[in-house]
Amino acid sequence: MGEWITVTANYGGKFKAYVAKPGKGSGHGLVLCQEIFGVNAHIRELADNYAEEGYVTIAPDLFWRLKPGVELKGTDADMPEAFGYYQKFDVAKSIE
């Protein structure tokens, strides 16, 4: 249902975000923050489900400064990598 778009950050960097829109193309908006596993299939499915309920939903790649396109499955084997991104994640910079 959704699609990937490119977003330009305030200072000129670019990152991807998954956007899902309701069938009518508009509606109230939601920002869906990823878990430590990136904008994976689970997050995209949630975005699609919110779109089915009438919400335009965007899920930005929050780890893009560390490694663009992180998409882990959430298995035990993924945990060290996922927590590594989480520990290096700069919340203030992401809001900027």
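Please state, rounded to one decimal and in Å, the Kirkwood hydrodynamic radius that the chain gives when every pair of distinct Cα atoms enters the mean of 1/r.
When all Cα pairs of the chain are included, the Kirkwood radius is 13.8 Å.
What FRET efficiency comes out for the pair residue 77/residue 45, r = Cβ-Cβ distance, R0 = 22 Å, nearest 0.05?
That pair, residue 77 with residue 45, gives E of 0.55.
Would you mind checking the pairs 21/88; 14/88; 14/73; 14/67; 16/93; 21/73 and listing those with alpha carbons more than 22 angstrom apart?
Cα-Cα > 22 Å for 21/88; 14/73; 21/73; rest within.
Residue 67 to residue 28: FRET efficiency via 1/(1 + (r/R0)^6), r the Cβ-Cβ distance, R0 35 Å, to the nearest 0.05?
Step by step, r from the Cβ atoms, then E = 0.65.
Check residue 34: other-chain or 5+ apart residues with amide H under 5 Å from its amide H, H built from backbone geometry?
Here 62 satisfy the definition.
First compute the accessible area of the stretch 1-40 with a 1.4 Å probe, then give the percent of it belonging to carbon and sulfur atoms.
Exposed carbon and sulfur together represent 54 percent of the surface.
Using just the C-alpha positions of the stretch 1-43 as equal point scatterers, what log10 of I(q)/I(0) does the Debye formula give at each q in 0.15, 0.24, 0.29 1/Å?
Debye curve over Cα of the stretch 1-43, log10 I(q)/I(0) at q = 0.15, 0.24, 0.29 Å⁻¹: -0.47, -1.02, -1.15.
What figure, in Å² to the nearest 10, do you get for the accessible area of residue 14 with a 1.4 Å probe and non-protein molecules left out?
130 Å²
Report the gain in length on full extension from residue 6 to residue 91: 0.36 nm times residue separation, minus Cα-Cα distance, nm rounded to one decimal.
28.6 nm
With every protein chain left in place, what is the accessible area per residue of the chain in square angstrom, probe 1.4 Å?
It amounts to 63 Å² per residue over the chain.
Quick one: Karplus J couplings for the stretch 36-43, per residue in order, coefficients 6.51, -1.76, 1.60, θ = phi - 60°, nearest Hz, x for Gly and Pro?
6, 9, x, 8, 8, 4, 5, 5
The values are calculated or read from the model by the stated rules, or taken from the named source; none is laboratory data. Small disclaimer: the values here were computed from a predicted structure and weren't measured. Cβ coordinates were reconstructed from backbone atoms using ideal geometry, including for glycine residues, and neighbour counts include every protein chain displayed. Side chains are part of the model used for accessible areas, which takes the heavy atoms of the whole protein and leaves out ligands, DNA and RNA. Shrake-Rupley method; radii C 1.70, N 1.55, O 1.52, S 1.80 Å.
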